[in-house]
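Chemist: Here's a structure for you.
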Amino acid sequence: MKGHRGFQMRLSRRVGFLAAFFNLLTVLVSPAQTAEGLTSELRKFENSPGFESDTTYLNKANELGFLLAESNPDSSLVFLNSTILLCREASYKKGEAEALKIYGNALQNTGDFKGSIEHYNTALAIASEIPGEKQVPGILNNIGLVNYYLGNHTQALNNFYDAIKRADLTNNANVKAAAINNVAMIYFEQGKLTEAKEKYRETLAIYQAINNPGRVILAYNNIGDVELRQNNPLEALNTLKIGYRAALELKSPEFIEMTSRTLADIYSALDSLDKAEALFRESISMSRENGYGVPQAHSLIGLADLYYKKGKLAEASGFAKEGLQQAESMAQPMLIRNANELLSRIYEEEGNFAEALQSFKLFKLFNDSINTSQAQRLTASLEAEYEFSKRELEYEKASLRQKWIIFSTIAGLIAFLIILFVGNQNKNRLNKAYHALQEKTAEIEIKNEKLEKALDQLKATQVQLIHAEKMASLGELTAGIAHEIQNPLNFVTNFSELGSDMVQELREERARKPEEQDQSLQDEILADIQVNLDKINHHGKRADSIVKGMLQHSRTSSGEKLPTDINALANEYLRLSFHGLRAKDKTFSADFHTDLDPNLPKAEIVAQDISRVLINLFNNAFYACANAEFRKENPDVKPMVELSTKLVGDTDRRQIQITVSDNGPGIPSAIADKVFQPFFTTKPSGQGTGLGLSLSYDIVKAHGGELKLKSKPGELTTFTIFLPV
Amino acid sequence: MKILVVDDERDVEDLFRQKFRKEIRNEGLELVFAFSGKEALEILETTNPPQVASVFSDINMPGMSGLEMLGIIKSRFPQLQVNMISAYGDTDNYTRAMSSGAKGFFTKPVDFESLRREIGEILRS
Ligand SMILES: [Mg+2]
């Protein structure tokens, strides 16, 4: 529980980073200023004529707009709209694109994601027209973030990818790093920690290269966070120490708070409770001073957890409640969830069970909704990943090719001058690059082949499984078939022996003198012989139909529907199933009962297919009520399987209803909808393919019918087949 | 002399009546038939001790199996002789039947000559 909780906490903070990151990005473009300062600067401009078309004025307006979009997004819209119009009137494209982007940002902050994307797209269209396209990568990155929030991971990853590519082309290292960071974030959420760490390291390298100390700290913080989640707290500690020291040097409250909070998490994981406490307290006081709402909630809950670990329940309770209140005011579901979980444990230990239950209920509520949305996001992002990695490889290929061209050109130009000195050096490098490219391509091809192979194997396995299921049900039948054929054969043997005895008797009688002959005895013997011949005929036919049925069952379905007597078919397979189980297991004991509608019309069915459905239902029913475990636990229940047939429905849509019931344990409603899914089985592994009911369902559907399940746990289970007449 | 035959196959009645026609006609053999273990126990319980001298029972029957019935008969009427008849001549069924107190064990298809000898002994006793 602890580990999971920790993971959620970190995940929630990650979203916190992301927001900070996103905002910083634009702030860094222009020197940070206060809204008041900018407003008064704008006032000064407004005194001179023609200020509306002065680009310096419009740039300042955008800077103010950005600050307002962050601090007060709702009321910033009017101002932002006027800036857009002014830029448009002045035909100042760059300003207009910037203003539209900020408008999109403000809408994003208000939660209007759809409007936000619309504005970003308009900004993108304008920015693409401007030579150099310098604003394009940043806008693409913003669009990617909105898509990420919306759960459209495919789209988001594509946007980030485009942003990275465009940033590369325009040498915009900041945006490139931001987009890579966002890709890392998605890896993190998918639990691909190695990949996430690798991407964060890339961002670290970029920020170190462009000498952006704040972002370097952020990168260290992110890397340490991944390491902590990789269960590597010592490594994380080393990483964070670098980040924390750098933050102190930079004297930036935002980064000091962030790194001390992560450090506190690490020390908490290492059980260095005193160090963790000091750092959490530092984070809390800095957050309070600077109004960092989400970090404050996080650290309050972390501190409460520390006190809980120390057994100081009163303090733990106080901090947890404060943290919960803060989390609620910041609308942070994960933090709310974590606080409630902790509170329920605290209350429980205090003996306050009513409150503990209340908190636990809230914990469950938030936990469920978080898990649901996380699962949905995860599925979406997994789908996206394939698409993304394909594009990433394409890009690598393309850039290698490009390098190759550049290298070739340079090599061609200077080859004559330096060929003697340099020799084959360049060529070797090119060869290396080229070989690397080839290897990558081969790798992709191998991966593709593997995937295709896996798919083929999967298809083959499916066919095999269906066949295995058929054979398994036939195997279960064999013993029943043997018994069912043995009985009629015995009668054939016995009655034919009797017949020849009687013929002998009749001969003896007729060998007497005519006056001693008993005419009525002769008549009686003849009548008996006739009866016996009829019996022989009857049992011969009985064996014949069983053999035919068996052959039909094992043969591949011709798919031809023929009029079939459902009563006879069902009855036959009920007996086969019963005797099969009895023959296999000497201790097996169950009873069956039939209630067959004598006026049932024949049904047009593929008898072989429907017989598979029936054998499945009977075998399941007998297994349910007569398996050893159930009988041991319910010695008073007499295992009973009932088969009934009935004609139902209106005259224009008559249906044959076949029900198979057993008085076994019943099927809990929780798994009732799963029983028709392929590979679902409750039998011990190796005892069922889990395909029986799923195939049965498909067969009945293919007949235009329905297969339904009704169960009262502890009483009975009824499967009903409806077949059209 | 009453003998109870238990089998879920109804044609067993015709078969036995014809096979033992002479014994029925001339030697006072009376055959009673039951088509399940439950029915057999009901017949046996109408009087105590039962009017039946011996039981011949199939093993493989729906509901109560012949072996289950054997156990019940032996606990209620220890003196009553019970013979088992099974399509499965395997040692498992045989040992289970004999250890539960069966007098004899016949396999299907029944060898009526040995069955006649057995019934002859009962009639003479
Ligand atoms: Mg039988």
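Chemist: From the residues in region A:571-583 that are closer than 11 Å to residue A:622 by Cβ and open to solvent by 10 Å² or more (accessible area, probe 1.4 Å), which one is farthest from the other protein chains (Cβ to nearest Cβ)?
Modeler: Filtering region A:571-583 for residues that are closer than 11 Å to residue A:622 by Cβ and open to solvent by 10 Å² or more (accessible area, probe 1.4 Å), the one farthest from the other protein chains (Cβ to nearest Cβ) comes out as A:581.
Chemist: Confirm whether residue A:568 is open to solvent by 20 Å² or more (accessible area, probe 1.4 Å), under 30 Å from residue B:92 (Cα atoms) and of a type in the set (A, V, I, L, M).
Modeler: Taking the combined requirement at face value, the residue does not satisfy it.
Chemist: Of A:244, A:207, which residue is closer than 20 Å to residue A:295 by Cβ, aromatic (Phe, Trp, Tyr) and out of contact with any His (no Cβ under 9 Å at 6 or more places or on another chain)?
Modeler: A:244
Chemist: Quick one: would you say residue A:299 is polar (S, T, N, Q) and within 16 Å of residue A:321 (Cβ to Cβ)?
Modeler: For residue A:299, the condition - polar (S, T, N, Q) and within 16 Å of residue A:321 (Cβ to Cβ) - is met.
Chemist: Can I ask one more? Name the single residue that is nearest to residue A:484 (Cα to Cα) among those in region B:57-84 being within 10 Å of chain A (Cβ to nearest Cβ) and hydrophobic (A, V, I, L, M, F, W, C).
Modeler: B:61
Chemist: If you take the residues of region B:23-39 that are open to solvent by less than 30 Å² (accessible area, probe 1.4 Å) and within 14 Å of the ligand (Cβ to nearest atom), which of them is farthest from residue A:488 (Cα to Cα)?
Modeler: B:37
For every residue, the table says whether it meets (1) among the hydroxyl-bearing types (Ser, Thr, Tyr); (2) within 14 Å of the ligand (Cβ to nearest atom); (3) open to solvent by 50 Å² or more (accessible area, probe 1.4 Å).
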| position | (1), (2), (3) |
| --- | --- |
| B:41 | no, no, no |
| B:49 | no, no, yes |
| B:52 | no, no, no |
| B:67 | no, yes, no |
| B:80 | no, no, no |
| B:91 | yes, no, yes |
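Chemist: Please determine, by comparing only the residues of region B:2-22 that are open to solvent by 20 Å² or more (accessible area, probe 1.4 Å) and either within 13 Å of the ligand (Cβ to nearest atom) or on the phi > 0 side of the Ramachandran plot (or both), which one is nearest to the other protein chains (Cβ to nearest Cβ).
Modeler: B:11
Chemist: Kindly indicate whether any position in region A:590-612 is free of Cβ contacts under 8 Å to residues at least 60 places away in the same chain, under 41 Å from the mean Cα position of the chain (by Cα) and either assigned to a helix (DSSP H, G or I) or within 14 Å of chain B (Cβ to nearest Cβ) (or both).
Modeler: The answer is yes, given that some residue of region A:590-612 is free of Cβ contacts under 8 Å to residues at least 60 places away in the same chain, under 41 Å from the mean Cα position of the chain (by Cα) and either assigned to a helix (DSSP H, G or I) or within 14 Å of chain B (Cβ to nearest Cβ) (or both).
Chemist: Return the residues of region A:316-365 that are polar (S, T, N, Q), surrounded by fewer than 18 Cβ atoms within 10 Å (Cβ to Cβ), more than 32 Å from the chain's Cα centre (by Cα) and under 19 Å from residue A:303 (Cα atoms); say none if nothing qualifies.
Modeler: If the condition is that a residue be polar (S, T, N, Q), surrounded by fewer than 18 Cβ atoms within 10 Å (Cβ to Cβ), more than 32 Å from the chain's Cα centre (by Cα) and under 19 Å from residue A:303 (Cα atoms), then A:325 is the only one that fits.
Chemist: If the requirement is being at pLDDT below 90, within 24 Å of residue A:696 (Cβ to Cβ) and open to solvent by less than 50 Å² (accessible area, probe 1.4 Å), which of these qualifies: A:437, A:477, A:430?
Modeler: Unique residue meeting the criteria: A:477.
Chemist: While we're here: Scan region A:87-117 for residues that are open to solvent by 40 Å² or more (accessible area, probe 1.4 Å) and among the hydrophobic types (A, V, I, L, M, F, W, C) and jot them down.
Modeler: Residue satisfying the conditions is A:113 alone.
Chemist: Moving to a separate point now. Any idea which of A:188, A:160 is in a helix (DSSP H, G or I), in contact (Cβ under 8 Å) with a residue 12 or more places away in the chain and surrounded by fewer than 24 Cβ atoms within 10 Å (Cβ to Cβ)?
Modeler: Just one listed residue meets the conditions, A:188.
Table: residues versus (1) more than 8 Å from chain B (Cβ to nearest Cβ); (2) touching an Asp or Glu at 6+ places or on another chain (Cβ under 8 Å); (3) within 23 Å of residue B:19 (Cβ to Cβ).
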{"position": "A:488", "(1), (2), (3)": "yes, no, yes"}
{"position": "A:494", "(1), (2), (3)": "no, no, yes"}
{"position": "A:497", "(1), (2), (3)": "no, no, yes"}
{"position": "A:503", "(1), (2), (3)": "yes, no, yes"}
{"position": "A:506", "(1), (2), (3)": "yes, no, yes"}
{"position": "A:509", "(1), (2), (3)": "yes, yes, yes"}
{"position": "A:520", "(1), (2), (3)": "yes, no, yes"}
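Chemist: Also: Taking region A:221-276 as the region of interest, how many residues are part of a helix (DSSP H, G or I) and closer than 18 Å to residue A:305 by Cβ?
Modeler: 19
Chemist: Can you name the number of the only condition in (1) modelled with pLDDT of 90 or more; (2) among the hydroxyl-bearing types (Ser, Thr, Tyr); (3) more than 29 Å from residue B:67 (Cα to Cα) that residue A:594 fails?
Modeler: (3)
Chemist: Okay, moving on. Is it the case that residue B:102 is more than 14 Å from chain A (Cβ to nearest Cβ), farther than 20 Å from residue B:116 by Cα and modelled with pLDDT of 90 or more?
Modeler: Taking the combined requirement at face value, the residue does not satisfy it.
Chemist: Can you say whether residue A:505 is farther than 27 Å from residue A:538 by Cα, in contact with a Leu (Cβ under 9 Å, 6 or more places away or on another chain) and either more than 16 Å from the ligand (Cβ to nearest atom) or of a type in the set (Ser, Thr, Tyr) (or both), as far as the supplied structure shows?
Modeler: The answer is no for residue A:505.
The values are calculated or read from the model by the stated rules, or taken from the named source; none is laboratory data. Just so it is clear, the model here is predicted, and its values are computed rather than measured. Positions of Cβ are generated from backbone atoms using ideal geometry, with glycine treated the same way; all protein chains shown enter the neighbour counts. Areas reflect the complete protein model, heavy atoms only, side chains present, ligands, DNA and RNA absent. Shrake-Rupley method; radii C 1.70, N 1.55, O 1.52, S 1.80 Å.
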